[in-house]
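What follows is one structure encoded as structure tokens, with my remarks underneath.
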Amino acid sequence: MIELSPTGAFGVLRLPLEQGETRLSAIAPPRITAIAPYPGQMNALSRRLGAFPAPGEVHDGQLRLVWSGREMAFAFGEGLPEGLEDFAALCDQSDAWAGLALVGQDAQAVLARLVALDLRALAAPSSARALMGHLPLLLIKESDTRFDLWTFRSMADSLVHEMEAAMRGVAARRAIS
Amino acid sequence: MHLPCPCCGWRDLREFTCIGAADHLHRPVPDAPPEAWHDYLHNRANPAGEGRDLWYHDPCGTWLVASRNTLTHAVHGSTGLEDAR
Amino acid sequence: MRRRATGGSALDRGRKLGFRFAAQRMEGFAGDTLASALLANGVRLMGRSFKYHRPRGVLTAGSEEPNALVEVRRDGQFHPNIRATLQDLHPGLEARAQNCWPSLRRDVMAVNDLLSPFLGAGFYYKTFMWPRAFWEGLYEPLIRRAAGLGRLPGSHDNSLHERAFAFCDLLVIGAGPTGLMAALMAGRTGADVILAEEDRQMGGRLLGDNGQIDGVPAAAWVKAVRAELASLPNVRLMPRTSIFGAYDGGVFGALERVAQHLAEPGLTPRECYWRIAARRAILASGALERPIAHPGNDRPGVMLLSAVASYWHRWAVDPGRVVVFGNNDHALATARRLAAEGMRIVSYIDPREDLVASDTGFPLRSGAEVVATRGRHELREVTIRAKGREHRIVCDTLALSGGWNPTLALACHHGMRPVWDEGLATFVPRPGMVPGLEPAGAARGRFSTAACLADGMQAARDALAELGRTPPDMPVPEAEDGGYALRPLWEVRAPGRAWLDFANDVTTKDVALAAQEGYASVEHMKRYTTQGMAPDQGKSSNMGALAVLADVTGGTIPETGTTTFRPPFVPVSIGTLGAGARGKGFRPERRTTSDAQARALGAPMIEAGLWYRPAYFPRPGDADWRAACNREVGFVRNAVGVCDVSTLGKIAVQGPDAGRFLDLVYTGTMSRLTPCRVRYGLMLREDGHVMDDGTCARLGAQDFLVTTTTAAASEVMRHLDFVQQAFCSDWQLRFASVTEHWAQMAIAGPLAGELLGHVLGDVPDLPFMGCQPVQIGDVAGRLFRISFSGERGYELAVPADFGADLFRHLVALAEGLGGGSYGMEALNVLRIEKGFVTHAEIDGRVTAFDLGLQAMVSGKKDCIGKVMSQREGLCGPERLQIVGLRPTDANAEIHAGAHLYPMRAAAKAAHGQGHVTSACYSPTLATWLGLALVVNGRARHGETLRLVDGLRGQRMEVTLCDPVFFDPDGGRMRD
Ligand SMILES: [Zn+2]
């Protein structure tokens, strides 16, 4: 019998990173459960969860519910109510996603280099699915100066690389203006 | 070009994949005559002008029918498949 | 020779900057462009023309410049075709002239100019026609050496480029009087406004204007408006930004020059490619003055009048003695104003007969034309013809004004044509040519300052109404409202060459010749003469060329029409268009949890989709990669091998109707699978061809896990989404990709069970094609007994956080049992020996029948692709069917891609019998093996065919056989 130890998604990457007015750091991985209500079960599910997030919504309660795609939300954290299986497909996605927090005055300027989304138009908090270049992205806007960026774990390295390049360019522009 | 995803709103074209006219939603029954199947699969409409076509919004996984004009490139709107048939 | 006057609104006289041009040291001021600094240093000759290598100087002061293109060097690299008019001076700037050798003043290719009678329109088409044999050896190298504007650096361009997205309510294109007023009005409503201006300074024509607006000098008015705009948080000012394309849905391409003007750019991108999505846009791009085609009009020192005025006002460039050649009232008014400001205007020449003016301060010659110019490298005098008599005027500068053309290219980017305005003698845009984009001010032929200010406000009002905002009450500022009368003068008829397109060396005679030789349509003329095809896209020549063509063909200009306007409006470098798409930006890398370990073991990584997987694990003493591959095959066949298979797509399908759904998408009946069992699955496209294959495991009553191949994972997901949303959206099921959550390791070989015993504590009693949950300490995992190697095989899945550690343990345990890790090469050999197919075989054209898997298409139910898979032509002896291949000589190397022919037939497509899809050397069977798709292959086992590998020049004899070469009854993986 062997014992297994965990390795984080950003194991060998140098984080946090700072460039100019932005800081990029890894988010401590929470438990992530994908909740996908079965057809016609949305109301029953919502009653048990408080509410089920509509597209783009983030609900903060005992646990955080984040809209994460068509008819799906991610529950961040422990403490999912019992008995949801009758109304929704539940699926552990804790190890599938790697999250980075981008914080700072230039956070929106940095993301404008990477994501074809009007970030100013988003409420805080809210979520969006998008592409960052070719990377799948779950973006959570926490505030005008903080964005959480989740991508597939296997692409964590590419995500950091893209973020760093954009942060560097924005910081360099700030330095000349 | 931008297209409206029923879930995500207007998004850049690069996030979408198109598979042609929306008549692809009308799958023949298994014992339909071969002509029906050939029409369904291969003799697809590709009108110059107003049309409805099937798009996939890859980031969120939603299929949609977009109403648009292939001559002017005007996009009028979209619906999810549950409302499209 | 110093040519700097006092003043210069753009200059910072306190900061002198040293720079080099054509290896000469010079000095300018901060605020200079390279063009203004060169003029101020007395440099008129700035480049050589494209075809005839004629000496050329700067014609304009903006992005439309056709002549003054230079190479700008920095850190050992250089960028070609930089317009001197857009390059701001910075300390240490190093620029060189293009198209000349050995130097700008002595250019040997200038001999072309003497040959010009032979190099006219269509020269390439006529001269390089025959004999054919001369093409490759003589003509092409000759053309390549002589052709091309500027030259390529030849080295990798490592300058930084950036891409960015912006969104706004209103995009205002151009910050002249029209754009400033529009932006101001919209900005005051709180609308989200972007004001993009090509120049580094906002103001447009007002920067070169000493008129008054609302009683203050125009420059002061610009400064005040700019300051207010800058103070508004809802307004973004984008100087140095050219909007180069109007695309669908209100998307505009913009090129921002970020670092090209910086002495030390550091990590600042050179340029940024913006995609701006605007709900509404106003085209306030102004107008461009057009030259007059008269003989010798390309000599350095001949410039547009508006450029002479700009250089004078903004950069205090004294043009010396100036002759103005104009055909319109605006030109005369400008000349008057410049004379009043102290410019030495020695003569004003106008073809209009009855022009009277007093107190001009210069002689005015009515009914006159310029018919020639002189001066070797720069202008010394011009020849005037008036009332049939010629005489010469000594001068330094000839300022041309042939009227104005609205800058309307963006309005035409959706294919709509502008309309002819007889009064203005030019084309003007119509409203609504690009939805959401409305031209205003000079861009639609409203040329006076007062008219521009009023039109900018009106355009803003209209846009705001559509945006649902109420425009503020604002009076129209008072400003110059002079008339603009002109008599079109497209061409001065006199001996000598009169240039239309300076950048591509096209004269009025070339256009006439094109028409004479049958290229009389404007699109044909353009291609025959190359007029309008240079980097400036004919901005200063299209109108003139059209008029000359209309004249020689006897039509009117509107009948002759315009050529098509296409993006980009200004040249955009490929590096900028591709910004963000280098390296990982072009192709993100997907790495497995064992990636770092595989690399540390020296494994070369190969791409599988976006994933990286180890090819093999080399050891000291290996002769080549095949030695490692053979060893790893041996691990699996004789002991135990470990391979990370996490890249396979994994999809959790859950819900009461999950089985029913899988029955619809798979050929098999997955709903009848008992829990804790796995089944091989085949997924078809609706047209009957195989989409993908994989396994389907039933983890619980309503809980399935299906796998896809690595390459097809996203296609399968999209397909499942389609089937579910289109055909069964009310069924009780959901599915989600769990590829990334699970790290999955294959453990294969006779000792696989023993190895698992070390991992799990005891050897699990799991039958072939069974699955079960397992516990490794605290970690909950899943175990599948499946085999892609033909040996006893397991796949062990754990949450990805534990993948790296699991791989480390497994490899160590395998090595302890005489095995080890194996890579993609060995995996490929193992599956070929067993005749298992991959996407090398499932190439989008094969059916289940072709693969010999037709029995897997259940006859008892419908599934996607079933009807079509059974149609005529998709199943029958005419099909290419999978077979095995063995070479007669076991050591003859087979490679995928080779084709098969009957033994005595020629290797021609008509005789083709099929092709090799996969091949390998099998250490197990000590022979080369191949899988192939062969016509009616299943019925031809035992037949001998000729294999021809055209790429590698190989020919050999092969025998067709069953594709399962090893352990055909499968005992090894079942036991
Ligand atoms: Zn969407």
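The values are calculated or read from the model by the stated rules, or taken from the named source; none is laboratory data. Remember, it's a predicted structure, so these values are computed and weren't measured experimentally. Here the Cβ positions follow ideal geometry from the backbone for every residue, glycine too, while neighbour counts run over all protein chains shown.
Worth a mention:
- Check on residue A:34, in contact (Cβ under 8 Å) with a residue 40 or more places away in the chain, of a type in the set (A, V, I, L, M) and more than 30 Å from residue A:163 (Cβ to Cβ): no
- In region C:775-800, the qualifying residues are those that are within 11 Å of chain A (Cβ to nearest Cβ) and without any contact (Cβ under 8 Å) to a residue 40 or more places away in the chain, and the one that is nearest to the chain's Cα centre (by Cα) is C:781.
- Residue check for residue B:12: within 16 Å of the chain's Cα centre (by Cα) and either within 14 Å of chain A (Cβ to nearest Cβ) or free of Cβ contacts under 8 Å to residues at least 12 places away in the same chain (or both): no
- Restricting region A:50-71 to residues that are over 14 Å from the mean Cα position of the chain (by Cα) and within 14 Å of the ligand (Cβ to nearest atom) leaves a set whose member that is farthest from the other protein chains (Cβ to nearest Cβ) is A:54.
- Residue, surrounded by the fewest Cβ atoms within 10 Å (Cβ to Cβ), within region B:41-71, restricted to residues that are facing another protein chain (nearest Cβ under 8 Å) and among the hydroxyl-bearing types (Ser, Thr, Tyr): B:56
- Candidates C:151, C:132, C:200 - the one that is within 14 Å of chain A (Cβ to nearest Cβ) and at pLDDT below 95: C:200
- Taking (1) assigned to a loop (DSSP other than H, G, I, E, B); (2) in contact with a His (Cβ under 6 Å, 6 or more places away or on another chain) in turn, residue C:813 satisfies each apart from (1).
- When each of C:291, C:265 is tested for being part of a loop (DSSP other than H, G, I, E, B) and away from chain A (no Cβ under 14 Å), the lone residue that passes is C:291.
- Those residues of region B:72-84 which are in contact (Cβ under 8 Å) with a residue 40 or more places away in the chain, on the phi < 0 side of the Ramachandran plot and within 8 Å of another protein chain (Cβ to nearest Cβ), in sequence order: B:75, B:80, B:81
- Among the residues of region C:28-44, those that are in contact with a Leu (Cβ under 7 Å, 6 or more places away or on another chain) and on the phi < 0 side of the Ramachandran plot comprise C:28, C:29, C:30, C:32, C:33, C:34, C:37.
- Of the residues A:90, A:80, A:135, the single one that is modelled with pLDDT under 95 and either within 16 Å of the ligand (Cβ to nearest atom) or facing chain C (nearest Cβ under 9 Å) (or both) is A:135.
- Test: residue in region C:305-317 that is part of a loop (DSSP other than H, G, I, E, B) and not assigned by TED's automatic domain parsing to the domain that holds residue C:27: yes
- Residue pairs whose Cβ atoms lie under 8 Å apart, separated by 6 or more positions or on different chains, with the first residue in region B:35-61 and on the phi > 0 side of the Ramachandran plot and the second more than 16 Å from the ligand (Cβ to nearest atom), are B:49/B:69; B:49/B:70; B:49/B:71.
- Exclusive hit being assigned to a loop (DSSP other than H, G, I, E, B), of a type in the set (Val, Ile, Thr) and modelled with pLDDT under 95, set C:674, C:710, C:647, C:739: C:710
- For region A:138-156, the candidate set comprises residues that are among the small types (Gly, Ala, Ser) and closer than 26 Å to residue C:804 by Cα; within that set, the residue that is farthest from the other protein chains (Cβ to nearest Cβ) is A:156.
- Number of the condition not met by residue A:121 [criteria: (1) modelled with pLDDT of 95 or more; (2) facing chain C (nearest Cβ under 9 Å)]: (1)
- Restricting the search to strands (runs of 3 or more DSSP E) fully inside region C:897-975 and requiring at least 2 residues that are under 47 Å from the mean Cα position of the chain (by Cα) and among the hydrophobic types (A, V, I, L, M, F, W, C) gives C:914-922, C:927-935, C:944-949, C:954-961.
- Selection from region C:413-436 of residues that are of a type outside the set (A, V, I, L, M) and under 23 Å from residue B:74 (Cα atoms): C:413, C:414, C:415, C:417, C:418, C:429, C:430, C:431, C:432, C:435, C:436
- Residue match in region C:797-804 (condition: surrounded by fewer than 20 Cβ atoms within 10 Å (Cβ to Cβ) and either closer than 17 Å to residue C:599 by Cα or of a type outside the set (A, V, I, L, M, F, W, C) (or both)): no
- In region A:59-75, the residues that are free of Cβ contacts under 8 Å to residues at least 40 places away in the same chain and of a type in the set (S, T, N, Q) reach residues that are assigned to a loop (DSSP other than H, G, I, E, B) and more than 16 Å from the ligand (Cβ to nearest atom) with C-beta atoms within less than 7 angstrom, at least six apart or across chains, in these pairs: A:62/A:79.
- Candidates C:667, C:695, C:739, C:708: the one that is farther than 21 Å from residue C:656 by Cβ and within 14 Å of chain A (Cβ to nearest Cβ) is C:739.
- Search result, residues across region C:404-434 that are within 20 Å of residue C:280 (Cβ to Cβ) and buried (at least 16 other Cβ atoms within 10 Å of the Cβ): C:406, C:407, C:408, C:409, C:410, C:411, C:412, C:413, C:414, C:429, C:433, C:434
- Highlighted here are the strands (runs of 3 or more DSSP E) found entirely within region B:1-76 that include at least 3 residues which are within 13 Å of the ligand (Cβ to nearest atom): B:2-5, B:9-12, B:50-57, B:62-69.
- When region A:96-111 is limited to residues that are surrounded by fewer than 23 Cβ atoms within 10 Å (Cβ to Cβ) and among the hydrophobic types (A, V, I, L, M, F, W, C), the one that is nearest to the other protein chains (Cβ to nearest Cβ) turns out to be A:109.
- Taking the criterion of being of a type in the set (Asp, Glu) and under 16 Å from residue C:680 (Cβ atoms), the only residue of region C:833-854 that qualifies is C:841.
- Scope region C:547-585; condition of a type in the set (Gly, Ala, Ser), crowded, with 17+ Cβ neighbours inside 10 Å and assigned to a loop (DSSP other than H, G, I, E, B); matching residues: C:561, C:573, C:579, C:580
- Answer from A:116, A:165, A:109 - the residue that is within 16 Å of the ligand (Cβ to nearest atom) and in contact with a helix residue (DSSP H, G or I) (Cβ under 8 Å, 6 or more places away or on another chain): A:116
- Residues in region C:208-218 that are surrounded by fewer than 20 Cβ atoms within 10 Å (Cβ to Cβ) and in contact (Cβ under 8 Å) with a residue 24 or more places away in the chain: C:210, C:211, C:212, C:214, C:215.
- The set of residues in region C:483-500 that are on the phi < 0 side of the Ramachandran plot and surrounded by 15 or more Cβ atoms within 10 Å (Cβ to Cβ) comprises C:484, C:486, C:488, C:489, C:490, C:491, C:492, C:494, C:497, C:498, C:499, C:500.
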